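Okay, so here's the structure we're looking at.
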Amino acid sequence: MKKLWTVLIMLCFLVMLPLQSLGASAVAPKISVKHYKTEQIQYAVIHGDKYKAVNAKMLNEAKETYALQKELDQQLARDKANGSVPDYMEYWAVLTPFVKYKSSTKVSILTQLYVYNGGAHGNSSYESYNVYKGTQLSLKGAFKSEAAYLKAKKYAKAKMLGYPEKYPFADSTTTIAGHPYYWVASGGIKVVFAPYEVAPYAAGPVTVSIPAAYMMK
């Protein structure tokens, strides 16, 4: 009887092992935010070997932003020298990452690059890094098929044209193609439009939602 109980305990232990491993593998990856050279230039790092490629791209964006800041510093020096701006004026490039979604299979990070070089306000542009099982996906690649992508483009255009209060600048040429996006908990995505693309500057970045029915699982 004692041997029987020993065998049963060992079997239970062996059965539990794969279940524990499965639970561990289903955990969303850790994401850190680091600074590049200055406090105003930040980039995200997704922990795990399978994220090396996308991490390199996010670091490269930070490096490019730093190079842009150097160019702005030179421009500012010239503008102050010729008296076109007051001495207290500053130009800057600010890069900020936002973790919009993460799970064991999907990670979405949206970055905002804010550039000010005079005038009433600066300008913002956006980039997204969307990873599915370690592979970075373009907007088109996030859809379950070519047909689904084409239908979603029509869906998004109709939605924006039918809602002029939110998308007053949308017209027949408006498209989601080429825009950054991020996953949401429903399984769908939100496609991001920068200020002035489909709405005034004061509206900030504007998104249009695409239902999960069009997307890969």
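Read-outs throughout are calculated quantities, based only on the coordinates presented, and are distinct from any laboratory measurement. If you're wondering where the values come from, they're calculated on a predicted model, not measured in any experiment. Positions of Cβ are generated from backbone atoms using ideal geometry, with glycine treated the same way; all protein chains shown enter the neighbour counts.
Values for this structure:
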{"item": "For region 136-191: Kirkwood Rh in Å [reciprocal of mean 1/r, alpha carbons]", "result": "12.1"}
{"item": "Angstrom value of the Kirkwood radius, inverse mean 1/r, which spans all Cα pairs in region 28-137", "result": "15.1"}
{"item": "Neighbour count of at most 14 Cβ within 10 Å plus DSSP loop: longest chymotrypsin sites (Phe, Trp or Tyr not before Pro)-free window in the chain", "result": "89-195"}
{"item": "Test item: Cα-centred dipole of region 85-217, Lys/Arg +1 and Asp/Glu -1 on Cβ, debye", "result": "960"}
{"item": "Cβ-derived FRET efficiency at R0 30 Å, K63 paired with A212, nearest 0.05", "result": "0.25"}
{"item": "Rh (Kirkwood; distinct C-alpha pairs) - region 94-206, Å", "result": "15.1"}
{"item": "Three semi-axes of the equivalent ellipsoid, the chain, Cα gyration tensor, whole Å, largest first", "result": "43, 27, 12"}
{"item": "Low-density loop cleavage sites - GluC sites (Glu not before Pro) in region 136-211, where at most 16 other Cβ are within 10 Å (DSSP)", "result": "E165, E197"}
{"item": "Estimated distance in nm for a label pair at A56 and D79, the labels positioned 7 Å out from Cα along Cα-to-Cβ", "result": "3.6"}
{"item": "Cα-centred dipole magnitude for region 28-137, charges only on beta-carbon of K, R (+1) and D, E (-1), debye, nearest 20", "result": "740"}
